[in-house]
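The structure under discussion appears below in the form of structure tokens.
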Amino acid sequence: MIYKISLFLQLPQYKLISDVHMRKVLLTGVLMALVVLQALAAVSLDDFLSRKEVKEVRELQTESTFERILEVMIEQPLDHNHPEGESFMQRIYISHVDPSKPVVLITEGYAASYYYTSEITAELKCNQIMVEHRYFGRSVPDSLDWSYLNTWQAASDHHRIVTLFRELYPQQWISTGISKGGQTVMYHSYYYPDDVDVRVPYVAPLNFGQEDPRIYTFLEEVGRPAERRRVKRFQTLALKNQDRYLDAFKTFSEEKGYTYELAGGPEKAFEYCVLEYSFAFWQWSYVPANKIPGKHATPGEIIEHMNRVAGFDYFSDQFIMEYRPFFYQALTEMGYYGYDLEAFGKYLKHVDNPIFTFTLPETVEVSFNDSLSVDLQEYITEEAENYIFIYGENDTWSATAVTSTGTTNSRIFIKEGGSHRTRISNMPEAQREEVYSTLYSFLR
């Protein structure tokens, strides 16, 4: 673009124009050139990659949308209060198109072991940066000091990345994330409200406590009464006849390589899986209620179905060890859910703890920060501009969804019958168009 402007200024036909007019044209051309220059990055991508903070660069296979896709390790302070102290490497993915276009910042809530293109990035045909969350995947410090795993430290990771990359991408920034990644979007802007221009959290809960009771109310009201009865009957069947199903559960788990020492043994893990069933059934909506097996099903059929819905790996040692940082965050700041033990009391033989404290080492003491969620809600209803919240109506996590944007211009979109898999692309056409219309209006 600059090259074309400079040629335009040198065209011979301008010799025929009066001196005054010539000066006006030249001034206009110069101003246009300055505007274009301001729209471009202060540094090139290659120059940026040579900075001291960048420790590792791996070129990935490029999609047609992007000029380059890179996996990069960035050096981050472990404690942003003391940046001169211990550091760790944080993994990010850069999908580069053009510095003059916006950038979508994906804040992953967990490991980012693979790259993908956000639907918002695809819509805007713009740059994208995906950030792996601290303490997950390759972004783990040498020493696991739990005191540095909190929402402010994570938000400060993202703030530092935005600050660094603004030299490369000076245009609008859109932050987005799914589930815990969506919570991360909210916390990032709560602590650093000026970092990005638009925020799009998907299916992101705002929980109040280690065991948010709104979950129980939701499960008593979601869907149709007949569907809820089928779910409850299956759970009762599985618990009442657990001696019949346990061998199939143990065999299935052995074949998958699951062990359950942290949950308290396979018998206790089985009961936890049954309790999880209702939450997972509505969260994912993988199976319609009329396909739930009944008392005539074989133990193998019961176990196959329960695993498809609730996922036995969720209570396995392997999963808990990998996601222990998540459970720590849930039990200290981000909140979570538990199980209604009274509803199945006479059939429970092993489970006596309704919340997920068993997922953490016994040496780690946790207390929940009750005030943080209250402060975050106040920020969302009174200050948070340019948010687009996306939820699925039947998703269990919608029990603790953001329900009001107060006096701000932010919007909440709920897909009718939607699950935790709700995305803009699978919304009804009219709703999808309204979401994107809102996004474009925020970017103007």
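The values are calculated or read from the model by the stated rules, or taken from the named source; none is laboratory data. Everything numeric here is computed off the predicted structure, so don't read it as measured data. With ideal geometry, Cβ positions are generated from the backbone for all residues, glycine too; neighbour counts draw on all protein chains shown. Remember, those area values only see protein heavy atoms, side chains included, never the ligands or the DNA or RNA. Shrake-Rupley method; radii C 1.70, N 1.55, O 1.52, S 1.80 Å.
Observations on the model:
- The residues on offer are Gln235, Gln283, and the sole one that is polar (S, T, N, Q), under 17 Å from Asn394 (Cβ atoms) and touching a residue at least 12 places away in the same chain (Cβ under 8 Å) is Gln283.
- Hits in region 136-155 (condition: of a type in the set (Phe, Trp, Tyr) and open to solvent by 10 Å² or more (accessible area, probe 1.4 Å)): Trp146, Tyr148, Trp152
- For region 178-197, the candidate set comprises residues that are touching a Pro at 6+ places or on another chain (Cβ under 9 Å) and outside any helix (DSSP H, G or I); within that set, the residue that is farthest from Ile129 (Cα to Cα) is Ser179.
- Answer from Glu75, Glu119 - the residue that is open to solvent by 10 Å² or more (accessible area, probe 1.4 Å) and more than 15 Å from the chain's Cα centre (by Cα): Glu75
- Region 112-125, residues that are assigned to a loop (DSSP other than H, G, I, E, B) and in contact (Cβ under 8 Å) with a residue 40 or more places away in the chain: Tyr115, Thr117, Ser118, Lys125
- Enumeration of residues in region 400-427 that are part of a strand (DSSP E or B), open to solvent by less than 20 Å² (accessible area, probe 1.4 Å) and farther than 20 Å from Ser373 by Cβ: Phe413
- Leu124, sole failed condition from (1) touching a helix residue (DSSP H, G or I) at 6+ places or on another chain (Cβ under 7 Å); (2) more than 16 Å from Gly177 (Cβ to Cβ): (1)
- Candidate set: region 339-368, residues that are open to solvent by less than 30 Å² (accessible area, probe 1.4 Å) and in a helix (DSSP H, G or I); chosen: the one nearest to Glu220 (Cα to Cα): Phe344
- Scanning region 221-269 for residues that are among the small types (Gly, Ala, Ser), under 24 Å from Pro361 (Cα atoms) and surrounded by 19 or more Cβ atoms within 10 Å (Cβ to Cβ) yields Ser253, Ala263, Ala269.
- So Tyr272, is it open to solvent by less than 10 Å² (accessible area, probe 1.4 Å) and under 29 Å from the mean Cα position of the chain (by Cα): yes
- Flag if Val200 is under 16 Å from Phe442 (Cα atoms) and either open to solvent by 10 Å² or more (accessible area, probe 1.4 Å) or assigned to a loop (DSSP other than H, G, I, E, B) (or both): no
- Qualifying helices (runs of 4 or more DSSP H) (wholly inside region 214-316; at least 2 residues being out of contact with any helix residue (DSSP H, G or I) (no Cβ under 8 Å at 6 or more places or on another chain)): 225-240, 242-256, 299-310
- Between Tyr387, Tyr436, the distinction of being buried (at least 20 other Cβ atoms within 10 Å of the Cβ), among the hydroxyl-bearing types (Ser, Thr, Tyr) and in contact (Cβ under 8 Å) with a residue 24 or more places away in the chain belongs to Tyr387 only.
- Options Arg214, Arg199, Arg224; residue that is farther than 17 Å from Tyr110 by Cβ, under 17 Å from the mean Cα position of the chain (by Cα) and at pLDDT 95 or above: Arg199
- Here His159, His80 are screened, and the one residue that is in a helix (DSSP H, G or I), at pLDDT 95 or above and touching a helix residue (DSSP H, G or I) at 6+ places or on another chain (Cβ under 9 Å) is His159.
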